[in-house]
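This is the structure I want to talk about, given as structure tokens.
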Amino acid sequence: MTELRTERLLLRPWRAADREPFAALNADAEVMRHFPAPLTREQSDALADRIESAFAQEGWGLWALELRDGGEFIGFTGLSRPAFDAHFTPAIEVGWRLARGVWGRGYATEAARAAAAFGLDTLAAGELVSFTATANAPSRAVMERLGMTHDPADDFDHPNVPAGHALRRHVLYRLRG
Ligand SMILES: CC(C)(COP(=O)(O)OP(=O)(O)OC[C@H]1O[C@@H](n2cnc3c(N)ncnc32)[C@H](O)[C@@H]1OP(=O)(O)O)[C@@H](O)C(=O)NCCC(=O)NCCS
């Protein structure tokens with residue numbers, strides 16, 4: 001299975017020991033502020049299961065993110081196929097979720113650059129997308145640092161967020177190869 005390496009980070013397949021720190025970050029209300037709710041341990045493990053089965057199928061995915069200096073697990077960054085229908089699907093999405101204690105160090109952008117290069121160069125995807133709730137400024141800033149572009153005509157209502165919910169409206173960013 002593919003691993004990617006950057007100056008400070010290792011993007012690697014998941015290990016059993018990642019489950020506990022992953023559950024801790026998914027239970028953090030601040031990390032999950034732009035999602036409908038934090039995750040329980042069971043929901044976090046179910047998400048890790050889905051990520052691992054996508055890896056088994058594709059050989060790439062939402063890589064576990066590890067600091068090269070010290071080996072700490074700090075979240076995930078990588079590629080996935082959105083599992084819902086929208087005007088831009090089928091597509092390959094680049095996404096990230098990091099523990100709060102490591103925000104503000106440029107790790108998400110550094111990892112996402114490596115993941116995006118893998119998608120565009122190795123997988124030869126003609127385009128990658130990224131999307132988030134409209135108010136998620138930190139995530140939109142990562143998309144902009146990656147050089148992704150936003151056309152308001154692409155904005156959409158996420159089909160898995162209930163109508164009327166403040167997080168339903170999403171922005172879509174695109175990166176062409
Ligand atoms: C989205 C998320 C990953 C962004 O994290 P982030 O730390 O703001 O983003 P980066 O890792 O790219 O770091 C950029 C910041 O680090 C700073 N920085 C510090 N040292 C740096 C370095 N050596 N290199 C680059 N940037 C550095 C930058 O100046 C920037 O700071 P600023 O936000 O004050 O401008 C994080 O907020 C998160 O995990 N949120 C919860 C999950 C989520 O919403 N995911 C997206 C859903 S679609």
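Just so you know, all these numbers are worked out from the coordinates, no wet-lab data involved. Model, not experiment: these values are computed from the prediction. Heads up, the Cβs are rebuilt from the backbone with ideal geometry, glycines too, and the neighbour counts pull from every protein chain shown.
Need pairs with beta-carbon distance below 7 Å; first residue touching a residue at least 60 places away in the same chain (Cβ under 8 Å) and within segment 124-141, second assigned to a helix (DSSP H, G or I) and of a type outside the set (Ser, Thr, Tyr); sequence gap 6+ or separate chains.
132/140
May I ask you to list the residues in segment 4-41 that are under 18 Å from residue 102 (Cα atoms) and of a type in the set (Val, Ile, Thr)?
6, 31
If you scan segment 134-150, which residues turn out to be part of a loop (DSSP other than H, G, I, E, B), of a type outside the set (S, T, N, Q) and surrounded by 14 or more Cβ atoms within 10 Å (Cβ to Cβ)? Working first, answer last.
Looking only at segment 134-150, we keep the residues that are part of a loop (DSSP other than H, G, I, E, B), and these are 134-136, 146-148.
After this cut, where a residue has to be of a type outside the set (S, T, N, Q) as well, the list is 135, 146-148.
Those that are part of a loop (DSSP other than H, G, I, E, B), of a type outside the set (S, T, N, Q) and surrounded by 14 or more Cβ atoms within 10 Å (Cβ to Cβ): 146, 148.
Need the failing condition index for residue 99 against (1) in contact with a Gly (Cβ under 8 Å, 6 or more places away or on another chain); (2) away from the ligand (no atom under 14 Å from the Cβ), just the number.
(2)
Against the definition (more than 8 Å from the ligand (Cβ to nearest atom), of a type in the set (Gly, Ala, Ser), more than 20 Å from residue 4 (Cα to Cα) and not in a helix (DSSP H, G or I)), how does residue 153 come out, yes or no? Explain how you work it out, then say what you get.
Numbers: more than 8 Å from the ligand (Cβ to nearest atom): yes; of a type in the set (Gly, Ala, Ser): yes; more than 20 Å from residue 4 (Cα to Cα): yes; not in a helix (DSSP H, G or I): no.
No: the conditions fail for residue 153.
A further question follows. Determine which member of the set 62, 4 is under 24 Å from residue 127 (Cβ atoms) and touching a Gly at 6+ places or on another chain (Cβ under 7 Å).
62
As an exercise: evaluate residue 80 against (1) away from the ligand (no atom under 14 Å from the Cβ); (2) in contact with a strand residue (DSSP E or B) (Cβ under 8 Å, 6 or more places away or on another chain); (3) among the polar types (S, T, N, Q) and give the number of the one condition it does not meet.
(1)
How many of the residues in segment 144-176 are aliphatic (A, V, I, L, M), within 26 Å of residue 100 (Cα to Cα) and out of contact with any Leu (no Cβ under 8 Å at 6 or more places or on another chain)?
Residues meeting the conditions: 4.
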